[in-house]
1. Sum up the charges of everything whose Cβ sits under 12 Å from the Cβ of residue 348, counting Lys and Arg as +1 and Asp and Glu as -1, but leave residue 348 out.
2. If you average the sequence gap of Cα pairs under 8 Å that are 6 or more apart and divide by the length of the chain, what percent do you get for the contact order?
3. Can you give the angle from 0 to 90° between the axis of helix 357-376 and the longest principal axis of the chain, with both taken from C-alpha atoms, to the nearest 10?
4. Estimate the FRET efficiency between residue 281 and residue 580 by the formula 1/(1 + (r/R0)^6), using the beta-carbon distance for r and 51 Å for R0, to the nearest 0.05.
5. Add -39500 (n - 2.57) for each DSSP H run of 4 or more in the chain, then divide by its residues: what number comes out at 222 nm, to the nearest 500 deg cm²/dmol?
6. Roughly what would the spin-label model give for residue 141 and residue 109, points 7 Å off Cα along C-beta, in nm?
7. If I model a spin label as a point 7 Å beyond the Cα along the Cα-Cβ vector, how far apart are those points for residue 397 and residue 356 in nm?
8. Give me the extension gain from residue 593 to residue 180: residue separation times 0.36 nm, minus the current Cα-Cα distance, reported in nm with one decimal.
Amino acid sequence: MALQSIESRDLTVAELFQNFYVVPSYQREYVWREPEVEQLLFDIHNEYMEGRGAESQYFIGSIVVLSRSDGVFELIDGQQRMTTTFLMLCAIRDRLRRLEPRETTPALDAQIQYTDVDQEGRNVPRYRVELQYEDSKGVLQDLARTGDPATIPAATRSTDNILNAYQLICAFLEREFSADAAQVRRFYAYFTKQIKLIRVETGSVAHALKVFETINDRGVGLDSMDLLKNLLFMRAAHREFELLKTVWKDLVDTLHRAREKPLRFLRYYIFSTYDAERLKEEEIYGWFQTHESECGYGTDPLGFARKLLAAATAFVRFIGGKDSEGRPNRYLENIHHLSGAARQHLILLLAGRDLSESEFSVLARELENLFFTYVITREPTRDFEHRFARWARDLRHVRTAEELDRFLASSFRPSRAELSRRFSEAFARLKEDDLQKYRLRYVLARLTQHVDEQAFGIGNPRPNLSAYIGGQSEVEHILPQRPTTAAIEAFGGSKVWTENVGRLGNLTLLEKAINASLGNGTFAEKREAYRQSNFLLTRSLAGAVQVGVRTPIDLIGRKLELFQGWTSEDIERRQAMLARLAHEAWDVPLPEETSTLNS
């Protein structure tokens with residue numbers, strides 16, 4: 001097998017822009033934002049101001065290109081830097097035009113646009129850098145032609161980044177050189193004659209991609225998502241490039257629209273799909289490299305990309321409270337209200353995404369209970385993430401209801417039982433400052449929902465947690481946050497008030513319309529308002545909740561404490577009651593029950 005040659009040359013910007021470059025359609029879009037552009041400008045300007053002499057040179061990186069038969073270079077790596085360099089040339093030209101409208105810049109103009117000869121021998125005007133991917137929307141050519149970003153709409157993320165980069169460069173030129181055209185020209189001469197890049201040329205796409213991978217084998221400057229994309233293109237046939245590009249763009253866009261981190265998704269995808277339990281983000285690309293046969297991307301890169309896209313779609317749907325088919329799921333909605341930025345539970349949801357709708361719902365319910373148990377007992381995140389990854393190995397093979405029940409009986413349920421005592425202790429001392437506000441509302445909403453469901457069934461008028469958490473309800477402090485001096489003294493003094501006002505036993509959910517009329521009254525003054533609430537847990541503060549004999553409402557009413565006054569002892573008693581209800585709501589055995597099971 002003949003070795004393919006690699007030609008490597010260090011070229012000044014002026015030499016580099018004697019040729020034409022295209023960024024092929026399968027490449028990622030322009031992603032540099034203010035920090036990257038400003039850093040490049042700072043580095044170049046800092047070298048320029050050092051005054052190391054006319055012969056001093058400064059390297060700003062490398063590019064990998066494929067040399068085509070028509071004389072144009074395809075940019076395989078380095079398009080961010082090359083696009084920004086091209087924008088700098090455009091910005092310098094436009095600045096000089098404004099400062100010296102009667103002067104011409106033929107050398108600079110030729111570095112931006114020049115006449116090429118096509119295969120038929122015809123003269124064709126061509127820009128030195130052209131972007132062929134769809135998201136570019138011709139913005140680079142429009143800027144090179146008009147020099148007026150105000151006339152160009154920011155239609156995509158890429159166009160917005162390009163326009164922003166151009167404006168940052170224009171601002172830099174104005175800030176550093178004011179209205180001195182001679183200074184701008186001197187900087188232009190330095191930029192084109194002393195700034196260098198290394199251009200690595202290869203003869204085939206596959207070889208260029210391999211060089212790209214070798215240069216970035218440690219992921220420096222690129223993350224595992226970019227390197228994995230390159231790896232798939234290395235394995236793909238050229239005829240698949242367009243399809244692979246489309247699938248990959250859908251994958252990236254799906255995660256971007258949901259504001260999800262691609263590397264976290266890849267890491268959790270590995271945990272959920274393969275036998276891996278511990279993996280750092282910086283190790284993701286290396287893991288894929290060493291598990292090619294297991295993943296199957298070597299023989300079917302397009303099929304593998306489609307699997308990633310399907311998993312990412314499910315990943316995003318889970319976060320939004322829906323199952324993998326996009327159907328609303330009440331337990332996933334609950335997890336959405338509970339989880340905040342936490343995403344560890346998605347490992348198990350991805351592992352179980354092929355379950356039937358009913359079995360998946362059982363998994364989601366049990367996972368909500370387990371995840372909350374970990375949160376309230378402050379189980380270390382690293383520990384349960386590792387546990388989830390280990391359980392995923394078994395879960396992804398589960399198919400039937402019986403298999404799922406056996407899996408849950410050997411994993412989720414024992415884990416909750418082990419934390420029973422810590423669960424009780426956490427609720428016994430729980431105060432509003434112990435949880436983020438969204439999690440406090442989740443706790444009160446789930447307890448309130450649990451009481452309603454015990455009375456009316458799951459199909460009650462408020463089947464979803466959002467009906468309790470939404471803007472129509474508020475967290476009510478039964479002992480007011482801003483009581484009168486007389487009320488504080490009646491309660492036992494400021495010290496006792498401070499110790500009790502934030503306790504869970506002093507909190508309840510109340511409809512916003514009712515809460516607005518309460519003010520800072522005493523418990524006796526508030527009781528009648530509580531009686532108007534549709535939430536049984538809150539209504540019970542006004543007296544016994546009872547309808548008939550041994551009806552569901554009557555039975556749940558017996559679990560709710562009655563209060564004639566509101567003292568620190570009453571708050572303690574209600575907190576203990578809520579702790580007992582919490583064991584029911586999240587299906588965590590009481591400590592005495594776990595002791596019996598273990599004896």
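Here, each number is a calculation from the coordinates, and none is a lab measurement. Note that the coordinates shown come from a computational prediction; the quantities given were computed from them, not determined experimentally. So basically every Cβ, Gly included, is an ideal-geometry build from the backbone, and we count neighbours across all protein chains shown.
1. Taking every Cβ under 12 Å from that of residue 348, the sum is +2.
2. 12
3. 80
4. My answer for the efficiency is 0.75.
5. Taken over the chain, the calculation gives -17000 deg cm²/dmol.
6. 2.0
7. Going by the 7 Å Cα→Cβ label model, 2.2 nm.
8. Here the answer is 140.4 nm.
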